[in-house]
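Chemist: Can you keep this structure in mind? I'll have questions shortly.
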Amino acid sequence: METIRFLHTADLHLDSPFKGMAAAGPDELARLQQSTFAAFDRFIAYAVEQRPDFIVIVGDIYDGEDRSLRAQIRFQQAMQRLEEAHIPVFLSYGNHDHLAGNWTRVSLPKNVHVFSDSVEQQQLTVRGETITIHGFSYPQRHVKEPMIADYKIAGDDGIHIGLLHGSVAGDSAHAVYAPFTVSELRQKNYHYWALGHIHKRQVLAQQPPIVYPGNIQGRHRNEQGVKGFYDVTLSREQANTTFVPTSAIVFTALTISCQGIEYADDWVAACQEAIDGVVAELGSIIIELVMTDTEDLADNLQRAASESEWLDILREQYVMNEPFVWITTIDWQFSSTSESPNTLLEPVVDTIVSWQLEDWDELMSELYSHRAGRYLERLTLNDREQLKQQATALLAAEWLKEG
Amino acid sequence: MKIRKIVLYGFGQHENVEINLQAGVNLLYGPNEAGKTTIQQAILHILFGFPQKNQQELRYEPKTGGKYGGCLYIEDKEFGPWMIERVRGKSSGDVTIHFEDGRTTGEEELKRLLRGYDRAAFEAIFSFSLFQLQGLERMDETDISRTLLASGTTGLDTLWKIEKKMDKEMAALFKKAGRNPPMNQKVKELKELELAMQKEQRKLETFELLTIRKKQVDERVKALRNEEQQLHEQAEKHQIAMQVMPLQQQQKQVTEQLAALPSESFPADGIRRYEELASKQSELQSKRLRIVKEQQVTAEAIVMRPGNEQRQIERWVAQEAEWHRLRGEILSAEQELRVLEKKQQQSKQRLGLTDAQQLAIEEMDLSIQRERQLEPLLQEQTTAEQQLQALNRMLAEAESERQEAEERKVLLARQQPTDAERQQLAKLPEFKRQLDEAKARVSVAKQSTNRAIPSFFMILGLLIGAYGVWQQDWFIVTVSLITIVAGILLWKKQPDSMEDLHDFIHKHEVHVEGMQRLKEQVVEHQRQCQQLEEEIDRLDRKLQRLAAEMEQVHHQKRQAGIALKQAVQGDPIDSTSNLQENFRLLREYQDILAEQQTWKLRLATAKQQVRTWVDQVEMLLGPVSEDTLYEQLRQELMKQKASKEKDFNRKQLLKDLESQLKEVDTFLASVQQQIEELFHLTNVSDKEQFYAAYQNDQEAQLLKRQLTEVNSQLALYSKKPLTFDWTLPELERKRTEISERLQAIRKEVTALVDEQVKLDHELTQMGASQTYSELQLLFEVKKAELEELAKQWVVRKAVMESIRQTMSGWKEHQLPAVLSLANTWFSRLTGNRYRTLTLTAEGYFQAVTAGGQSFMINELSQATKEQAYLSLRLALASELSDRAPFPVIMDDPFVHFDNERLSRMIEIIKELKPSHQFLYFTCHAEMQSKWSGEASMIEIGKQ
């Protein structure tokens, strides 16, 4: 029995813009702009160095359906390199770079095999072992119906690998794309399921491996942690997956206790120490800070400057830093042990707390109805909680200030 | 919350006052000036602080200057019993709160205990006097709502403030139609970015078009290049054809021409051979002609003299010397004769002879003897002449000397002194004497002569005159005049002799000197005259002596002349002048004549001989000149000899020519034969034909060479023969077509290549362009920033909205409750005269009667107005009992009430007793009876 080796990646989202990078300057932006390419370059460099038998890319190579031309050119160049290294590439397009998109087609070299808009098989032979790869590309943006039914059940001939860009049925966190269940996949008797679409790396099952490699580079605060791809060694009997990190910049969060810290400079030092620790571990980072145990610090900080100023002060410590460090937010967890219960304030706070999602939307309606609404995302549950907290805190603060 | 006890340390007129209060209604009675208001104020002061010193309100500091302040003991359901003490301290006083458990706190805790109420808010609801009941008519819904909602608590205002602030902050963040707020700006930026992105995208969309175009261009270029290649090949073929086809044509033409020519052979160098022979032939022929001609010439015989003549001539030639001698003799004789003639002439001239004399001379005696006779005579005459000449010279000399002396004498006579001079000289001694005299006088006069005296007289006179004029004394004036006159006279009288004398001496001294010089000159003159006289005498004597001598010599000379004349009387010429010479010349002359005679004879003889000779020769040769006779003779002889030789030669030549002619004839025959052979060889009969044959042959040779040439050229292009289907014009046309096409292709290719480069560049640029992703990223950043701002905005909105909602909740739920309670009480108080208190559409209160009539508050009677207001206040207090369970403090508000309404009022208060403590201050004693035991009585100033 022959063992084959291939690389499994998905969701490259090349040239994807980073979301939520408010207040970032041109230097930071330039850095971020390069990061998806940097991650991709790492992937390609790894491939060229390691010479796997082939590579599978399961959708969302490009971020927008317009497929950034630069991204296409870079991708084409990378494929060229693989071609020169004699590494075949099997790829399918996903919901982000579906075939109906209005994009310029850059011709890819011959080693690249693209799946068409309906499920099909492609074969190759590695050291005598026939490998059949099943997959399809998204014909348009939305493929809500399950495609799994169209995948052929594997016979006894060689190794079968399934490429599927979609989400597990019933997962409400993500929009439904080509839904499937693990058991459905298992029924196909493939030796490996190379999934795409979900950016969070996860292994849904071990026998056979059903794997989301996640994206290769996080692009916003919800894509935290080290990103990369899988280096898979596979035989009919056995599978072995190794995660290879690629992310050039890692999104992460850090909770810092301010216990015993009274003065601003101590606070800055403490933060720096904590951040440096993370940097040592992860390299370049985009980090959210959460401050806890702020009782001792609160008065000092509150009095000296506003929260945004503290953020600026901390950011300044990392200007032009290498590795790259960008602090997105500082969340101050002030304990709401505010004064005595206020007879007057309480009903107001109660009002805020009582609001439902619709009420918040109502509050936003003025913005939504304005042309600004086009650029605003709908509030999430999380947002609502956050807003609630912020509103309460603001009320309390203002009360204190005015009273 | 209830006040259990009031303790005043010092407050206004109260000092160390302690008032115990009940939970229900407390009636505090006191007449005017008992201190009721003071106590009321004390409560408010202690709870809410002493008024600032600059405020209108009284501070009630004790005039005695004792302890200021007091304390309240308070029962509180929520916080338990507590005590508040306020004493003098900072301007609002120092406050201390004591709890039952011993805990003490300060202001902050107080705020909480007072539920956030301040004095104004407290007073608005819980503390009122009659005066404060006024003004209900001025209240509108908002005021009442406000009052109602928190009854003017500080907190409420704060909330209002917060709400306003939030509104402001929101507006600062975002305005619907705004432009400047950050969110609006962000939106604008986003919009711009979006546009920029769209633009960029559209630009990038051209990528595919450009790619397609590039492919097309590439293909087109390739196709064109191919075509170009083919055309080039074709053009090359045509090029070859262009070169080969004329060659082929030439080849064909030459071959045809060659075929047309007769193919007879022509000897290799036939023409040369022929021409050689022909030239030889003509040469020989001309030679022969010459020989024949010569023969004819030579055949003529030569004329010669007969032998005897020839011999005579030879003889004459042999006698040539003799002839020359004769000729020479004639010449020399003639010469000699000419010389002699000349000599004769010379002598004749020298002697000055006439022709007659000439003949005579030939007879003249010129012997030496005669010469000797004449010579002494001549000598004598000559000597006398010489002496005469010498004497003449001496005589002239003496005479000129005497002339000279005579002239000097005249000169001297002119220098003789004049008579005047002589007279002056005579006066000289007189002058001398006068002079000496004068000199003597001068020396004397020098010692005297002074002018002081006359001067004195004149001054004196003036003085006296002046005095006289002054004294009017005419006498004295007269005296003075006299004195002056005397002075003047004295002055005048003074001699000028001194000056005269000096002049005199000077003049006469010069004069005397001149006189002396004149005297000396006269003496010298006299001496010279004397000398000259002596000289003249001496010269006269010498002249006399010389004259005598001359007389004598003259005589001698005359005698010698006579002797000579006698001696030469017979001679034709006078030879006496120079005797010897004359004789010699005459002798020579005689010699010349003799010689002439001799030579004339010799000449005649020689001439005779020559004439004879010439005549003989002329007989033979014809007339000849005497001079060239022998030359002719010699020529004649030579001629004869030459003729003889020539004749010999001629005969010889004839013989030679004969043999030559024979030889030439032989050659000619041979040449003719050779020519014949040549013609036979070429198969022609004459020269013209032979040459035509040669021409043909030459042409054929040329054509053959051309053919070879063409063939070799053709061989260069291809081994096998090439065949073409085109004609030359066709070919030309095709070539033009191809070149035009090629040009067009080149042009197109150039344009396309340019486009290729441009496309490549554009594509590369687009491929590398970050602009779009940069814009995208920037867009996301801006979006995030907008979201951030939106969140801030929403948070503010939430705060504002929550406040509004809470407030409107109060307003909407609590206001109606208060109103309905107030209505009930108002209705009760007025004995159902008025049914309700309602709010007008404008938000003002109005009272509605049971009959449905509406009255604005200010239309009501004073008491009714107060009742309306009390109803409202109490309703408020009642409604707020949970949040603000404060005691109600009233300062005689019921005074205008009639008994009926008062008792109804008391009823209502009784109802409120459980939830509120009441402190009722009054100065009306009858009030006690009205309350009838419902209230605990406290008399102020009676403790």
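The values are calculated or read from the model by the stated rules, or taken from the named source; none is laboratory data. Please read these numbers as outputs of a predicted model, since none were measured by experiment. A quick note on method: Cβ atoms are made from the backbone with ideal geometry, for glycine too, and the neighbour counts reach across all protein chains shown.
Chemist: Does the range B:114-167 hold any residues that are more than 14 Å from every other protein chain (Cβ to nearest Cβ), outside any helix (DSSP H, G or I) and at pLDDT below 65, and which are they?
Modeler: Within the range B:114-167, the first condition is being more than 14 Å from every other protein chain (Cβ to nearest Cβ), and the residues that meet it are B:119-120, B:122-145, B:147.
Within this subset, residues satisfying the condition of being outside any helix (DSSP H, G or I) are B:127-129, B:134-135, B:139-140.
Selection gives B:134, B:135, B:139, B:140.
Chemist: Ok, one more. From the residues in the range A:344-361 that are at the interface with chain B (Cβ under 7 Å from one of its Cβ atoms) and within 15 Å of residue B:797 (Cα to Cα), which one is surrounded by the fewest Cβ atoms within 10 Å (Cβ to Cβ)?
Modeler: The selected residue is A:351.
Chemist: Looking at the range A:362-371 only, could you name the residues that are at the interface with chain B (Cβ under 8 Å from one of its Cβ atoms) and either under 26 Å from the mean Cα position of the chain (by Cα) or surrounded by fewer than 16 Cβ atoms within 10 Å (Cβ to Cβ) (or both)? If you could, list the steps in order and put the result at the bottom.
Modeler: Here is the first cut: in the range A:362-371, the residues at the interface with chain B (Cβ under 8 Å from one of its Cβ atoms) are A:363-364, A:366-367, A:370-371.
Result: A:371, single match.
Chemist: Just for the range A:378-403: of the residues that are within 7 Å of chain B (Cβ to nearest Cβ) and acidic (Asp, Glu), which one is farthest from the chain's Cα centre (by Cα)? Explain how you work it out, then say what you get.
Modeler: Here is the first cut: in the range A:378-403, the residues within 7 Å of chain B (Cβ to nearest Cβ) are A:387, A:390-391, A:394-395, A:398-399, A:402-403.
Applying the additional criterion that residues be acidic (Asp, Glu) yields A:398, A:402.
Working: A:398: 37, A:402: 43 Å.
Applying the filter and picking the extreme gives A:402.
Chemist: Out of the residues in the range A:47-67 meeting the condition of being buried (at least 19 other Cβ atoms within 10 Å of the Cβ) and at pLDDT 90 or above, tell me which one is nearest to the other protein chains (Cβ to nearest Cβ).
Modeler: Per the criteria, the residue is A:57.
Chemist: Name the residue, out of A:74, A:70, that is touching a helix residue (DSSP H, G or I) at 6+ places or on another chain (Cβ under 8 Å), surrounded by fewer than 24 Cβ atoms within 10 Å (Cβ to Cβ), facing another protein chain (nearest Cβ under 8 Å) and in a helix (DSSP H, G or I). Full working, then the answer.
Modeler: Numbers: A:74 fails: facing another protein chain (nearest Cβ under 8 Å).
Only one candidate qualifies: A:70.
Chemist: Can you give me the number of residues within the range A:237-264 that are buried (at least 16 other Cβ atoms within 10 Å of the Cβ) and either part of a loop (DSSP other than H, G, I, E, B) or charged (D, E, K, R) (or both)?
Modeler: 6
Chemist: If you don't mind, there's one more thing I want to ask. Mind counting the residues in the range B:760-786 that are touching an Asp or Glu at 6+ places or on another chain (Cβ under 9 Å) and either polar (S, T, N, Q) or more than 14 Å from every other protein chain (Cβ to nearest Cβ) (or both)?
Modeler: 5
Chemist: Which residues, counting only those in the range B:3-17, are among the charged types (D, E, K, R) and modelled with pLDDT of 90 or more? Don't jump to the end; show me each part of the working.
Modeler: Of the range B:3-17, the ones among the charged types (D, E, K, R) are B:4-5, B:15.
B:4, B:5 - these are the residues of the range B:3-17 that are among the charged types (D, E, K, R) and modelled with pLDDT of 90 or more.
Chemist: Here is a further query. Can you tell me which residue is farthest from the other protein chains (Cβ to nearest Cβ) among those in the range A:1-29 that are touching a strand residue (DSSP E or B) at 6+ places or on another chain (Cβ under 6 Å), part of a loop (DSSP other than H, G, I, E, B) and crowded, with 24+ Cβ neighbours inside 10 Å?
Modeler: The qualifying residue farthest from the other protein chains (Cβ to nearest Cβ) is A:10.
Chemist: List, please: which pairs have Cβ atoms under 9 Å, are six or more places apart or on different chains, and start with a residue in the range B:611-638 that is without any contact (Cβ under 8 Å) to a residue 24 or more places away in the chain and more than 13 Å from residue B:323 (Cα to Cα) and end with one that is outside any helix (DSSP H, G or I) and β-branched (Val, Ile, Thr)?
Modeler: Short answer, once both residue conditions are applied: B:618/B:624; B:632/B:624.
Chemist: Suppose the filter is touching a Ser or Thr at 6+ places or on another chain (Cβ under 9 Å), in a loop (DSSP other than H, G, I, E, B) and either within 14 Å of another protein chain (Cβ to nearest Cβ) or not small (Gly, Ala, Ser) (or both); does residue B:881 pass it?
Modeler: Details: touching a Ser or Thr at 6+ places or on another chain (Cβ under 9 Å): yes; in a loop (DSSP other than H, G, I, E, B): yes; either within 14 Å of another protein chain (Cβ to nearest Cβ) or not small (Gly, Ala, Ser) (or both): yes.
Against the criterion (touching a Ser or Thr at 6+ places or on another chain (Cβ under 9 Å), in a loop (DSSP other than H, G, I, E, B) and either within 14 Å of another protein chain (Cβ to nearest Cβ) or not small (Gly, Ala, Ser) (or both)), residue B:881 qualifies.
Chemist: Restricting to the range A:164-180, name every residue that is of a type in the set (Val, Ile, Thr) and at pLDDT 90 or above.
Modeler: We begin by selecting, within the range A:164-180, every residue of a type in the set (Val, Ile, Thr); these are A:168, A:176.
None; the set is empty.
Chemist: Could you list all residues from the range B:813-838 that are within 13 Å of another protein chain (Cβ to nearest Cβ) and of a type outside the set (S, T, N, Q)?
Modeler: Of all residues in the range B:813-838, those within 13 Å of another protein chain (Cβ to nearest Cβ) come to B:813-814.
B:813, the sole residue that qualifies.
Chemist: Let me ask you something else. Of the residues in the range B:182-240, how many are aliphatic (A, V, I, L, M) and away from every other protein chain (no Cβ under 14 Å)?
Modeler: Here is the first cut: in the range B:182-240, the residues aliphatic (A, V, I, L, M) are B:183, B:187, B:190, B:193, B:195-197, B:204, B:209-210, B:212, B:217, B:221, B:223-224, B:231, B:235, B:240.
If we keep only those that are away from every other protein chain (no Cβ under 14 Å) too, we end up with B:217, B:221, B:223-224, B:231, B:235, B:240.
Within the range B:182-240, residues that are aliphatic (A, V, I, L, M) and away from every other protein chain (no Cβ under 14 Å) number 7.
Chemist: So how many residues does the range A:30-43 have that are more than 14 Å from chain B (Cβ to nearest Cβ) and surrounded by 24 or more Cβ atoms within 10 Å (Cβ to Cβ)?
Modeler: Number satisfying all stated conditions: 1.
Chemist: Taking the range B:853-903 as the search range and keeping residues that are exposed (fewer than 15 other Cβ atoms within 10 Å of the Cβ) and among the polar types (S, T, N, Q), which one is nearest to residue B:45 (Cα to Cα)?
Modeler: If we take residues in the range B:853-903 being exposed (fewer than 15 other Cβ atoms within 10 Å of the Cβ) and among the polar types (S, T, N, Q), then B:881 is nearest to residue B:45 (Cα to Cα).
Chemist: Applying the selection to the range B:79-89, what residues are within 20 Å of residue B:917 (Cα to Cα) and touching a residue at least 40 places away in the same chain (Cβ under 8 Å)?
Modeler: The answer is B:81, and nothing else.
Chemist: Please work out if residue B:395 is in contact with a Leu (Cβ under 6 Å, 6 or more places away or on another chain) and surrounded by 15 or more Cβ atoms within 10 Å (Cβ to Cβ).
Modeler: Values: in contact with a Leu (Cβ under 6 Å, 6 or more places away or on another chain): yes; surrounded by 15 or more Cβ atoms within 10 Å (Cβ to Cβ): yes.
The answer is yes for residue B:395.
Chemist: Turning to a different aspect of this structure: Of the residues B:634, B:705, only one is surrounded by 14 or more Cβ atoms within 10 Å (Cβ to Cβ), of a type in the set (Lys, Arg) and out of contact with any helix residue (DSSP H, G or I) (no Cβ under 6 Å at 6 or more places or on another chain); which?
Modeler: Selected residue: B:634, the only one of B:634, B:705 that is surrounded by 14 or more Cβ atoms within 10 Å (Cβ to Cβ), of a type in the set (Lys, Arg) and out of contact with any helix residue (DSSP H, G or I) (no Cβ under 6 Å at 6 or more places or on another chain).
Chemist: Do any strands (runs of 3 or more DSSP E) lying entirely in the range A:141-236 carry at least 2 residues that are without any contact (Cβ under 8 Å) to a residue 40 or more places away in the chain and surrounded by 17 or more Cβ atoms within 10 Å (Cβ to Cβ), and which ones are they? I'd like the intermediate steps shown before the answer.
Modeler: Numbers: elements: A:159-165, A:192-196, A:202-205, A:210-212, A:228-234.
Answer list for the range A:141-236: A:159-165.
Chemist: For residue A:315, work out the one condition from (1) closer than 27 Å to residue B:796 by Cα; (2) modelled with pLDDT under 85 it doesn't fulfil.
Modeler: So the condition that residue A:315 fails would be (2).
Chemist: Can you name every residue in the range B:799-855 that is of a type in the set (Gly, Ala, Ser) and assigned to a loop (DSSP other than H, G, I, E, B)? If you could, list the steps in order and put the result at the bottom.
Modeler: Our first condition is that a residue be of a type in the set (Gly, Ala, Ser); within the range B:799-855, this holds for B:802, B:808-809, B:817, B:820, B:822, B:827, B:831, B:841, B:843, B:847, B:850-852, B:854.
Answer for the range B:799-855, where residues must be of a type in the set (Gly, Ala, Ser) and assigned to a loop (DSSP other than H, G, I, E, B): B:831, B:841, B:843, B:850, B:851, B:852.
Chemist: Going by the conditions given, is residue B:744 part of a helix (DSSP H, G or I), at pLDDT 90 or above and either out of contact with any helix residue (DSSP H, G or I) (no Cβ under 6 Å at 6 or more places or on another chain) or more than 8 Å from chain A (Cβ to nearest Cβ) (or both)?
Modeler: Values: part of a helix (DSSP H, G or I): yes; at pLDDT 90 or above: yes; either out of contact with any helix residue (DSSP H, G or I) (no Cβ under 6 Å at 6 or more places or on another chain) or more than 8 Å from chain A (Cβ to nearest Cβ) (or both): yes.
Against the criterion (part of a helix (DSSP H, G or I), at pLDDT 90 or above and either out of contact with any helix residue (DSSP H, G or I) (no Cβ under 6 Å at 6 or more places or on another chain) or more than 8 Å from chain A (Cβ to nearest Cβ) (or both)), residue B:744 qualifies.
Chemist: Residues being β-branched (Val, Ile, Thr), farther than 23 Å from residue B:626 by Cβ and surrounded by 12 or more Cβ atoms within 10 Å (Cβ to Cβ): count how many of those fall in the range B:298-346.
Modeler: If we filter the range B:298-346 for residues that are β-branched (Val, Ile, Thr), which is where we start, we get B:298, B:302-303, B:313, B:317, B:330, B:339.
Next cut, farther than 23 Å from residue B:626 by Cβ only: B:298, B:302-303, B:339.
Those still in the list that are surrounded by 12 or more Cβ atoms within 10 Å (Cβ to Cβ) too: B:298, B:302, B:339.
Here the count works out to 3.
Chemist: Okay, moving on. If I ask for residues that are within 7 Å of another protein chain (Cβ to nearest Cβ) and surrounded by fewer than 24 Cβ atoms within 10 Å (Cβ to Cβ), which ones from the range B:787-810 would you list?
Modeler: Within the range B:787-810, B:787, B:788, B:791, B:801, B:805, B:806 meet the criteria.
Chemist: Still on this structure, please answer the following. How many residues are outside any helix (DSSP H, G or I) and in contact (Cβ under 8 Å) with a residue 40 or more places away in the chain if we restrict to the range B:763-781? Steps first, please.
Modeler: Keep residues of the range B:763-781 that are outside any helix (DSSP H, G or I), which gives B:769-770.
Filter again for in contact (Cβ under 8 Å) with a residue 40 or more places away in the chain, leaving B:769.
Summing the residues that are outside any helix (DSSP H, G or I) and in contact (Cβ under 8 Å) with a residue 40 or more places away in the chain in the range B:763-781 gives 1.
Chemist: Within the set of pairs 6+ apart or on separate chains, which have a first residue in the range B:224-241 that is among the aromatic types (Phe, Trp, Tyr), a second that is at pLDDT 90 or above, and C-beta atoms under 6 Å apart?
Modeler: none
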